[in-house]
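Asks: What follows is a structure written as structure tokens; I'll ask about it next.
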Amino acid sequence: MKPIFLTAAALLTTLSLAAPIPVKAENSAPVRRLLETRECYGCDLTGVNLKGAHLIGVDLRNANLKGANLEGANLEGADLTGANLKSANLKQAFVSDTILSNANLTNVNMTNARLYNSDVDGAIMANIDLSGADVFNTAISIGGEY
């Protein structure tokens, strides 16, 4: 039985050394900076997984959050002025008193999100999915070209 165990351990060790270990975005320097300092101005957070994160009052001005997963995140009071959120997932996110002015919200999934008192002045809002979203005192409307 010991030879089988040793053979399996040697094989697994060899395989783990041969395959590159992916670096998780959650452990990247910009994410650590964001979580530790609550500020990440202009950071590249492309595709980052911040699902369920408490991002209350964070400074993400001009950050690149393209394709980021912010599902269920709390963005209360966050400043995302000029941020790129193209194709980001904000499903069930809490977006209250959040500044999204001049942000790119193209193809953002806001299914079942709660958007309260948020500033979207100058934001690009093409193809947003607001299915089941609760929108209050936020200048988002449903419709086509005027």
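Asks: What is the residue count in segment 60-96 for residues that are acidic (D, E) and either assigned to a loop (DSSP other than H, G, I, E, B) or surrounded by fewer than 20 Cβ atoms within 10 Å (Cβ to Cβ) (or both)?
Replies: Qualifying residue count, segment 60-96: 2.
Asks: Can you tell me how many residues within segment 25-59 are assigned to a loop (DSSP other than H, G, I, E, B) and charged (D, E, K, R)?
Replies: Count: 2.
Asks: Would you check which residues across segment 46-59 are surrounded by 19 or more Cβ atoms within 10 Å (Cβ to Cβ) and over 13 Å from L100 (Cα atoms) and list them?
Replies: V48, L50, A53, L55 - these are the residues of segment 46-59 that are surrounded by 19 or more Cβ atoms within 10 Å (Cβ to Cβ) and over 13 Å from L100 (Cα atoms).
Asks: I need every pair where a residue in segment 54-69 that is under 10 Å from T81 (Cβ atoms) has its Cβ under 6 Å from the Cβ of a residue that is assigned to a strand (DSSP E or B), sequence separation at least 6 or different chains.
Replies: Close Cβ pairs (under 6 Å, with a partner that is assigned to a strand (DSSP E or B)) amount to D59/E39; D59/D79; R61/D79.
Asks: Mind listing just one residue for me: the one in segment 1-40 that is within 22 Å of V108 (Cβ to Cβ) and modelled with pLDDT under 55 and, of those, surrounded by the fewest Cβ atoms within 10 Å (Cβ to Cβ)?
Replies: E26
Asks: Out of (1) free of Cβ contacts under 8 Å to residues at least 24 places away in the same chain; (2) over 19 Å from S28 (Cβ atoms); (3) crowded, with 20+ Cβ neighbours inside 10 Å; (4) of a type outside the set (F, W, Y), what's the single condition that is false for C43?
Replies: (2)
Asks: Under the condition of being within 18 Å of the chain's Cα centre (by Cα) and β-branched (V, I, T), which residue from segment 119-136 is surrounded by the fewest Cβ atoms within 10 Å (Cβ to Cβ)?
Replies: I124
The values are calculated or read from the model by the stated rules, or taken from the named source; none is laboratory data. Not measured: the values here are computed from a predicted model. Cβ atoms come from the backbone with ideal geometry, glycine included; neighbour counts cover every protein chain shown.
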